[in-house]
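Please treat every number below as a calculation from the coordinates, not as lab data. Just so it is clear, the model here is predicted, and its values are computed rather than measured. Here Cβ is always computed from backbone atoms with ideal geometry, including for glycine, and neighbour counts include all displayed protein chains.
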Amino acid sequence: MNKVMLSIGHGFSARALGQHLLNEGWIVYGTTRSKEKAAALRQEGIEPIIWPETNLLPYLEKATHILTSVAPNSDGDPVLHAYGEELSRGSFEWVGYLSTTGVYGNHDGGWVDEDTQLNPTTKRGEMRRNAEAAWSTLGLPLHIFRLAGIYGPGRGPFAKVRSGRARRIIKKNQVFSRIHVDDIAQTLYASICSPRIGAVYNLCDNDPAPPEDVIGFAAELLGMPIPPAVNFEVAEMTPMARSFYAENKKVRNNLIKDELGVDLKFPDYRAGLRALLRQTD
């Protein structure tokens, strides 16, 4: 029987997994909000669904696997609001929920792992924690993936550096964890192949690093001047961008390597940025 993935919120991370599944002979349905994005998905071999306009019940009945990337809002998780009861009655082989390392909150640069108490310090993190808990009540073969900052083709620092708009925001001892989208895809596939109901995994690379180092390295790769340093306290930033600096932690990724056998293609930002530059040049 064909494996069928229903990817709800088929965005950047899910599309990387989708291509891998198609290569393995899967049928992949992916939801999107716009006709333009639906056309792009169709060209990739994905069977697009415009949602929430379209009823997902027929696709839930076909699916052997579910991946949801839909962000919660102040009212909770939109997927559970629409289809929580139907999901709880389903007979799926694997369900994946893409969450965020923001659920751990601030640890003043200390290390966190999957057993660290959840103590989000932002509204986004609170909503993700609540969504994780809500998905966990349905009796599904659930696997939660807490993603660090995502980068990959079309989503990296090079365009900003080339434009001359990049700055190195300096906040003492600040670090961020990150992960290349291809490593997200390979980790999700490894979990699909070796499911463990109730599993929670951190998805990040081996090198939590100061954000200014990443910008500086991107400039070096481009052969451009290192962007100016700006103190965080006086930097002009959107409230969203500034909110990310409210959390400072290093995220451990031992479990995906020890349990799922993941060998990261891009174990640090240097390897990832070099590969991105080769792809674009």
Checklist entry - Using every alpha carbon pair in the chain, what percent of pairs falls into each 5 Å bin from 0 up to the bin containing the largest distance? => result 1, 5, 12, 15, 18, 17, 14, 10, 5, 2, 1, 0
Next on the checklist: Placing +1 on the Cβ of each Lys and Arg and -1 on the Cβ of each Asp and Glu in the chain, which of Leu264, Tyr59, Asn173 has its Cα farthest towards the positive end of the resulting dipole?
Outcome noted: Asn173
Item to check | Asn2 paired with Glu93, simple spin-label distance in nm, labels 7 Å along Cα-to-beta-carbon | outcome: 1.4 nm
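Taking only DSSP H segments of four or more residues, each worth -39500 (n - 2.57), what value at 222 nm results for the chain once the sum is divided by all its residues, to the nearest 500 deg cm²/dmol?
On the way: 11 runs with 108 residues, N = 281.
Calculated at 222 nm, the ellipticity per residue is -11000 deg cm²/dmol.
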Checklist entry - To the nearest Å, what is the center-to-center distance of the range 143-196 and the range 213-256, using C-alpha atoms only? => result 12 Å
Checklist entry - Just for the range 141-227, what percent of DSSP beta bridges are antiparallel, to the closest 5? => result 20 percent
Checklist outcome for this item: Percent antiparallel among DSSP beta bridges confined to the range 9-151, rounded to 5, stands at 5 percent
Item to check | Links that overshoot a 30 Å alpha carbon limit, given the list Lys123/Lys172; Lys123/Lys250; Lys37/Lys171; Lys62/Lys265; Lys37/Lys249; Lys62/Lys123 | outcome: Lys37/Lys171; Lys62/Lys265; Lys37/Lys249; Lys62/Lys123
Checklist entry - Given Ser99, Ala71, Gly109, which one lies farthest toward the positive end of the charge dipole of the range 71-116, if we put +1 on the Cβ of every Lys and Arg and -1 on the Cβ of every Asp and Glu? => result Ala71
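Give the percent of DSSP beta bridges with both residues in the range 2-88 that are antiparallel, rounded to the nearest 5.
Working: 1 of 13 bridges.
Given both bridge residues lie in the range 2-88, the antiparallel proportion sits at roughly 10 percent.
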Next on the checklist: Between helix 123-135 and the chain, what is the angle of the helix's C-alpha long axis to the longest principal axis, kept within 0 to 90° and rounded to the nearest 10?
Outcome noted: 30 degrees
